[in-house]
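Enquirer: Below you'll find the structure I mean.
The values are calculated or read from the model by the stated rules, or taken from the named source; none is laboratory data. The structure displayed is predicted, hence computed values, not measured ones. Here the Cβ positions follow ideal geometry from the backbone for every residue, glycine too, while neighbour counts run over all protein chains shown. Accessible surface is based on the protein model in full, side chains and every heavy atom, while ligands, DNA and RNA are left aside. Shrake-Rupley method; radii C 1.70, N 1.55, O 1.52, S 1.80 Å.
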Amino acid sequence: GGRVYALDGAHPEVRQWLYDLARRVVHDWGYDYLKIDFLDWATAGAAHYGGLTQAEAYRGGLAALRDGLGTEAFLHGCGAPLQHAAGLVDGMRIGADVDASWGGIQAPARAAGLRSFYHRTVWLNDPGCLVVRQPLSLEEARVWASVVAASGGLTVLSDNLPKLAVDRIPVLQKT
């Protein structure tokens, strides 16, 4: 409902800033994993520096981050225009946000199936967070855990493990 401000990846100074930030993340802060979310906003705006298209601006900014991280860090994209990130990220979330409900796992499950061809050819797929907590029934939790496991991609846990019901632990262990 408000204004959205996004960095213009087409602008040389923005690219330099992103490169420098990525170098700092790896060398000064010691991180070897960077997950960047809401990348679809990187294409916002009607015009980009130098007349570049939204896709060109997006790739320019993402390439600056990738170059800054070098090979020392894993770059994980999320909420992104998939086709324009090819070759620039190591992993990519390939579907909608996961919610601990039957309706909240259906779209991510569909995306995992439809976008399975990306896995290990373009990047490592991230089907979405593995959730097995209630209000998912045990059967629903098993379905989602099976989709995540069968995808062969990244497994990111989202449940508060110490508070997880005892009957859900074997589901995580099998996954």
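Each row is one residue, and each column tells you yes or no for (1) open to solvent by 50 Å² or more (accessible area, probe 1.4 Å); (2) farther than 21 Å from Leu172 by Cα.
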{"position": "Val89", "(1), (2)": "no, yes"}
{"position": "Gly103", "(1), (2)": "yes, no"}
{"position": "His119", "(1), (2)": "no, yes"}
{"position": "Leu124", "(1), (2)": "no, no"}
{"position": "Val132", "(1), (2)": "no, no"}
{"position": "Val148", "(1), (2)": "no, no"}
{"position": "Ser151", "(1), (2)": "no, no"}
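Enquirer: Let me ask you something else. So which of Asp40, Asp28 is open to solvent by 20 Å² or more (accessible area, probe 1.4 Å), closer than 24 Å to Leu157 by Cα, out of contact with any Asp or Glu (no Cβ under 9 Å at 6 or more places or on another chain) and not small (Gly, Ala, Ser)?
Expert: Answer to the selection: Asp40.
Condition check ((1) more than 16 Å from Gly79 (Cα to Cα); (2) under 16 Å from the mean Cα position of the chain (by Cα); (3) not hydroxyl-bearing (Ser, Thr, Tyr)) across all residues:
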residue: Asp97; (1), (2), (3): no, yes, yes
residue: Trp102; (1), (2), (3): yes, no, yes
residue: Pro108; (1), (2), (3): no, yes, yes
residue: Ala112; (1), (2), (3): no, yes, yes
residue: Arg120; (1), (2), (3): yes, yes, yes
residue: Glu139; (1), (2), (3): yes, no, yes
residue: Ala145; (1), (2), (3): yes, no, yes
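Enquirer: Considering only the stretch 84-92, I want to know if a residue exists there that is more than 19 Å from Lys35 (Cα to Cα) and in contact (Cβ under 8 Å) with a residue 24 or more places away in the chain. Full working, then the answer.
Expert: Filtering the stretch 84-92 down to residues more than 19 Å from Lys35 (Cα to Cα) leaves none.
There is no residue in the stretch 84-92 that is more than 19 Å from Lys35 (Cα to Cα) and in contact (Cβ under 8 Å) with a residue 24 or more places away in the chain.
Enquirer: Follow-up. Any idea which of Ala10, Ala64, Ala73 is open to solvent by less than 40 Å² (accessible area, probe 1.4 Å) and at pLDDT below 95?
Expert: Working: Ala64 fails: at pLDDT below 95; Ala73 fails: at pLDDT below 95.
Going through Ala10, Ala64, Ala73 in turn, just one is open to solvent by less than 40 Å² (accessible area, probe 1.4 Å) and at pLDDT below 95: Ala10.
Enquirer: Here is a further query. Scan the stretch 43-60 for residues that are open to solvent by 60 Å² or more (accessible area, probe 1.4 Å) and of a type in the set (S, T, N, Q) and jot them down.
Expert: Answer for the stretch 43-60, where residues must be open to solvent by 60 Å² or more (accessible area, probe 1.4 Å) and of a type in the set (S, T, N, Q): Thr53, Gln54.
Enquirer: Could I ask something else about it? Go through the residues of the stretch 96-103 one by one and say whether even a single one is within 26 Å of Tyr33 (Cα to Cα) and touching a strand residue (DSSP E or B) at 6+ places or on another chain (Cβ under 9 Å).
Expert: yes
Conditions tested, residue by residue: (1) assigned to a helix (DSSP H, G or I); (2) at negative phi; (3) touching a strand residue (DSSP E or B) at 6+ places or on another chain (Cβ under 7 Å).
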residue: Ala6; (1), (2), (3): no, yes, no
residue: Gly9; (1), (2), (3): no, yes, no
residue: Val14; (1), (2), (3): yes, yes, no
residue: Arg23; (1), (2), (3): yes, yes, no
residue: Leu34; (1), (2), (3): no, yes, yes
residue: Gly45; (1), (2), (3): no, no, no
residue: Tyr58; (1), (2), (3): yes, yes, no
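Enquirer: Collect the residues in the stretch 155-165 that are among the hydrophobic types (A, V, I, L, M, F, W, C) and either at pLDDT below 95 or open to solvent by 70 Å² or more (accessible area, probe 1.4 Å) (or both), keeping them in residue-number order.
Expert: Of everything in the stretch 155-165, those that are among the hydrophobic types (A, V, I, L, M, F, W, C) and either at pLDDT below 95 or open to solvent by 70 Å² or more (accessible area, probe 1.4 Å) (or both) turn out to be Val156, Leu157, Leu161.
Enquirer: Another one. Being surrounded by fewer than 21 Cβ atoms within 10 Å (Cβ to Cβ) and within 16 Å of Val171 (Cα to Cα) narrows it down to one of Arg115, Arg142, so name that one.
Expert: Arg142
Enquirer: Are any of the residues in the stretch 120-130 in contact with a Pro (Cβ under 8 Å, 6 or more places away or on another chain) and without any contact (Cβ under 8 Å) to a residue 40 or more places away in the chain?
Expert: Yes, that holds for at least one residue.
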